[in-house]
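The values are calculated or read from the model by the stated rules, or taken from the named source; none is laboratory data. Treat the numbers as computed from the prediction; the structure is a model and nothing was measured. No Cβ is skipped: glycine too gets one built from the backbone with ideal geometry, and neighbour counts run over all protein chains shown. Heads up: the accessible areas ignore ligands, DNA and RNA and are worked out on the full protein's heavy atoms, side chains in. Shrake-Rupley method; radii C 1.70, N 1.55, O 1.52, S 1.80 Å.
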Amino acid sequence: MNLEEVKVGTQVMIQDLIGKEEVLRRVEAMGLRRGRKVEVLQKVGRVILLKLNNSRLAISRDIAKNIFVK
């Protein structure tokens, strides 16, 4: 399942990231790496708000489709 399919309020673990190298570097620089747990806080339009540790991140649904979780 990819991150875009996860329901609001659900906590998941990142399993894999796919896509262009430059996008992956930016995503990993935000802290979204394999093995990290994230919670989907909100989905608004084309943006998904995530909680990672004590931080909140906003990513596009296009990027979320390339982040696989369990």
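For the range 47-63, backbone nitrogen atoms closer than 11 Å to the point 7 Å from Asn2 Cα along Cα-to-C-beta are found at 61-63.
Quantify, in whole percent, the carbon and sulfur part of the accessible surface of the chain (1.4 Å probe; protein heavy atoms only). Carbon-and-sulfur percentage of accessible area, whole number: 46. Lysine pair count for the chain (Cα-Cα distance under 20 Å; residues 8 or more apart in sequence or on different chains): 14. Using C-alpha pairs under 8 Å with a sequence gap of at least 6, the mean separation divided by the residue count of the chain gives a relative contact order of 44 percent.
Only one of [x] 14.0; [y] 12.5; [z] 11.7 was calculated from the structure for Kirkwood radius over Cα pairs in Å, and its label is [z].
Estimated from helices alone, the mean residue ellipticity of the chain at 222 nm is -4500 deg cm²/dmol (sum of -39500 (n - 2.57) over DSSP H runs with n ≥ 4, per residue). Taking all protein chains together, Lys43, Lys51, Lys70 sort by accessible area into Lys70, Lys51, Lys43, largest first [probe 1.4 Å].
Ranked by solvent-accessible area (1.4 Å probe, protein heavy atoms only, all chains present), the residues Arg33, Arg46 order from largest to smallest as Arg46, Arg33.
The listed residues Lys20, Lys37 rank as Lys20, Lys37 when sorted by accessible area, largest first, using a 1.4 Å probe.
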